[in-house]
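Here's the structure we're looking at; comments come further down.
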Amino acid sequence: MRRRVAALALLALAGCGREPIGAVGEEVHLLGLPHRSEVRCSWGRRLAEEGPAEDRRLALALDHPSSLTVHGVESPAGARLTFGIHLRPDSWEIRPSLEARVEWREGEGEWRRLLDRRIGSEADRAREWIEEAVPLPRSPGGTVRISFEAPAPLSDPREVVYLVDPVVRAPRRRVAIPPKAEGVIVLLVDALRADRLGAGASDRPVAPQLDALAAEGILFERATSPAPWTKPAVASLFTGRSPARHGANLPFARLPEGLPTIAESFSGAGWRTAAFVANSMVAPEFGFGRGFDVFEVVKSRARGVFDSALAWIEDHRDERFFVYVHLHGAHAPYRPAPRLARLFLEDREPASLAMPGEEEPWDPKTLTALYDAQVATVDAEFGRFRARLERIGLEDRIAFVVTADHGEELHDHGEWLHGHTVHEELVRVPLLLRGSKGRPVRRARSRATASLLDVFPTLVSLADLRAAPGLEGEDLLEFEEDPRRPRVLFHWTDMYGRRAFAVREGKHKYVESLHVGEGAPRVALFDLEADPGERHDRAGDLAEVARRLARALDTYRRLTSGERWYLSLRTGGNGARWSGTIEAEGGAADVRGGLGLDWAILETAPREDGFDFAFGAEGPTAEISFRTNRAGVPVRVALRTEGDPLPPESILLGPEGGRATGNPLDVPSAAAATPLFLHDPTEDLAGEGPRCRIWYHAPGAAAAGDLDPEILDHLRALGYVR
């Protein structure tokens with residue numbers, strides 16, 4: 001009889017247009033359902049990762065009184081709600097006890113109390129967190145509320161209570177997926193080096209789960225990022241435009257309105273869209289949420305991000321969905337799972353692996369081993385994520401892109417981290433594409449030159465969507481590089497008082513870099529086939545190649561930068577508060593910062609013919625730039641430091657260093673014009689007290705006539721040459 005009922009159930013599912021996939025253990029992480037949740041807390045919804053190193057979990061930070069309410073919670077027979085409660089040890093000194101409650105209701109009915117517990121016993125205080133398991137009534141979709149109350153309101157930040165990973169767990173039961181259900185997932189692992197797919201530097205597999213996925217699709221072995229740090233790189237992935245075009249090139253910069261994003265393309269075609277992001281650099285506050293139904297910033301290395309994404313995906317498995325998952329797991333500080341730390345560090349104690357100070361940095365071998373352990377930790381979590389998708393019948397219905405925003409320097413050129421150069425360890429990234437059952441792709445290892453710019457056009461092609469206008473990338477499903485006309489790609493960074501540009505064509509890469517305060521820029525040419533580590537400068541013996549790529553780079557900068565004014569500032573010490581006013585006939589706009597202004601907030605206020613500005617420079621140099629709405633008109637500049645006018649003798653004009661005659665002063669563009677885009681703008685600004693150089697850069701269209709015709713064709717195809 002039981003077999004007959006089961007058979008009839010399967011036939012019924014088939015009749016409803018669904019494919020039975022057998023029995024799975026239901027596991028719904030409630031923190032991954034922001035679209036069906038309400039948080040009552042003075043600071044709103046704030047997710048963090050809590051718990052011991054071996055078992056860190058996603059948690060909701062709450063004050064008290066506070067609550068989490070989740071609607072539409074399916075509760076089959078035998079379902080339980082499990083969660084943890086965590087308070088920091090010093091909070092017990094302030095708040096001796098806390099009331100925790102779990103309530104349930106059907107529809108608009110009365111609340112039914114399932115748990116009412118006072119927390120604060122000696123046993124409670126001795127635990128890392130307090131585990132609770134609450135049986136739930138059987139229901140096709142009720143509402144659960146978890147709340148905390150204390151005798152008095154929160155009065156100290158140490159009193160925060162963490163609701164740890166509330167999960168509805170159900171026994172194994174039959175589930176089914178509609179035949180048209182499908183998804184696209186873009187997984188970006190922050191700071192993942194391209195050479196960690198395959199064997200890492202430790203000669204052992206670092207990312208076997210990602211390697212397995214790569215074997216099922218196309219691995220692009222020569223993929224790069226246009227920038228060596230997060231914001232401009234992800235902005236390029238989202239918009240299919242280079243940093244020079246999208247302009248989101250500083251930590252507090254916003255993605256400009258009006259640029260179509262990949263999420264908007266999917267959303268506009270009726271796909272559900274969600275993003276689960278561990279790096280606040282690409283938060284909705286900076287414009288990255290456009291096109292997403294749900295955008296959740298999850299302060300977790302990997303597991304919490306994956307769990308949140310899984311909960312949302314399972315909740316939308318009847319639909320077509322596009323999901324962006326951004327992990328912070330390979331990014332410093334490196335805090336790998338202790339088991340993997342011991343493996344890669346050869347049983348060295350994880351407790352000794354705190355972040356190094358400037359006085360006592362890690363040796364390269366230890367740094368590399370710790371980084372590999374961190375990557376392995378992320379890889380293990382990805383394996384867990386993928387296994388769950390397989391158990392619920394969705395894994396083969398999902399097309400995957402896996403990539404990184406940039407790499408990580410591990411003393412390859414004597415330094416650490418990222419953002420400071422455009423060397424290969426920072427701009428080369430992994431890029432793999434695995435198709436789905438309904439949208440297959442071939443299995444291959446491609447040597448074609450690829451870029452993060454290509455993700456947008458490739459995925460809209462794979463999903464049969466309409467491509468947005470103005471994309472600079474290639475559809476990698478159709479792109480076949482002609483070895484006689486290799487693709488040209490550009491890289492750029494402007495961080496930490498450094499500015500660097502690079503252009504690559506085929507096996508050659510030409511680099512110009514500047515470190516503020518060190519004088520003239522450095523130039524180099526590398527043969528990446530013979531010298532992938534960029535150890536040997538070939539600019540001398542391949543002078544014609546270097547000259548041709550230098551012209552291409554100069555033309556690219558001129559055509560993408562457009563007309564801009566620059567105020568290069570030297571504080572004369574370790575920081576200053578700068579403010580001022582810029583005015584021009586017809587107005588001025590598009591204000592940006594740079595060269596040391598990396599982490600300061602540039603404040604601007606519009607005026608009828610320009611803008612006011614203010615910022616606090618933390619280091620010895622800073623720079624702001626802007627454009628006038630009418631080309632070539634003079635600008636009127638007023639400068640102040642610490643509220644006082646900057647003396648005119650401390651203001652220089654253009655590369656020749658002409659002296660200002662007043663402050664405020666009117667500056668004709670000819671008086672400040674410079675043909676050099678890469679130079680040390682603070683040169684000759686040494687001396688006591690704050691100083692400024694005002695310079696002007698106009699596009700040099702005539703330079704295009706000096707270009708190699710093939711490079712000119714490529715720039716024309718991208719819209720830089722008209």
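Every read-out reported here was derived from the displayed coordinates using simple, explicitly stated rules and does not represent laboratory data. On a predicted model such as this, the values are computed, not experimentally measured, just so you know. Glycine also receives a Cβ, built like all others from the backbone with ideal geometry; neighbour counts cover every protein chain displayed.
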Residue span R40 to R339: 0.36 nm per residue of separation minus Cα-Cα distance leaves a gain in nm of 103.9 nm
Gain upon complete extension [S461, E74; 0.36 nm per residue less C-alpha separation]:
135.7 nm
Need one number: nm distance between label points at A614 and D541, each 7 Å from Cα along Cα→Cβ, rounded to one decimal.
5.8
Quick one: if you take sqrt(5λ) for each eigenvalue of the C-alpha gyration tensor of region 429-571, what semi-axes come out, biggest first, whole angstrom?
33, 21, 14
By a straight-distance test (C-alpha under 15 Å), which aspartates and glutamates pair with K365 as possible cross-link partners, with residues fewer than eight away in the same chain excluded?
D203, E346, D347, E408, E409, D412, E415
Simple spin-label model, 7 Å along Cα-to-Cβ: R636 to R113 in nm?
7.1
Debye calc, one equal point scatterer per Cα of region 278-329, no solvent, log10 I(q)/I(0) at q = 0.16, 0.23, 0.30 1/Å comes to -0.47, -0.91, -1.25
Once phi is turned into θ = phi - 60°, what whole-Hz ³J(HN,Hα) does the Karplus curve with 6.51, -1.76 and 1.60 give for every residue of region 246-257, x standing for Gly and Pro?
8, x, 8, 10, 10, x, 9, 6, 9, 5, x, 5
Enumerate the amide H contacts of A79 below 5 Å, restricted to partners 5 or more residues apart or on another chain; note that Pro and chain-start residues carry no placed amide H.
L136
When each pair of different Cα atoms in region 165-300 is counted once in the 1/r mean, what is the Kirkwood radius in angstroms, to one decimal?
17.6
Going by how many other Cβ atoms sit within 10 Å of their own, how do E415, E131 line up, fewest first?
E131, E415
Between H515 and E603, what length comes free when the chain is fully extended (0.36 nm per residue of separation minus the Cα-Cα distance, one decimal in nm)?
29.1 nm
What is the fewest-to-most order of I601, I651, I119 by other Cβ atoms lying within 10 Å of their Cβ?
I601, I119, I651
Semi-axes a, b, c in Å (a largest) for region 431-472, each sqrt of 5 times a Cα gyration tensor eigenvalue, come to 19, 16, 6
Interchain or long-range residues, amide H under 5 Å from L417's placed H:
E409, H411
Of all alpha-carbon pairs in region 182-481, indicate the percentage at a distance above 37 angstrom.
9
D for region 246-317, whole µm²/s, Stokes-Einstein with Kirkwood Rh over alpha-carbon pairs at 20 °C and 1.002 mPa s: what number?
164
Please order C41, C692 by the number of other Cβ within 10 Å, starting at the fewest.
C41, C692
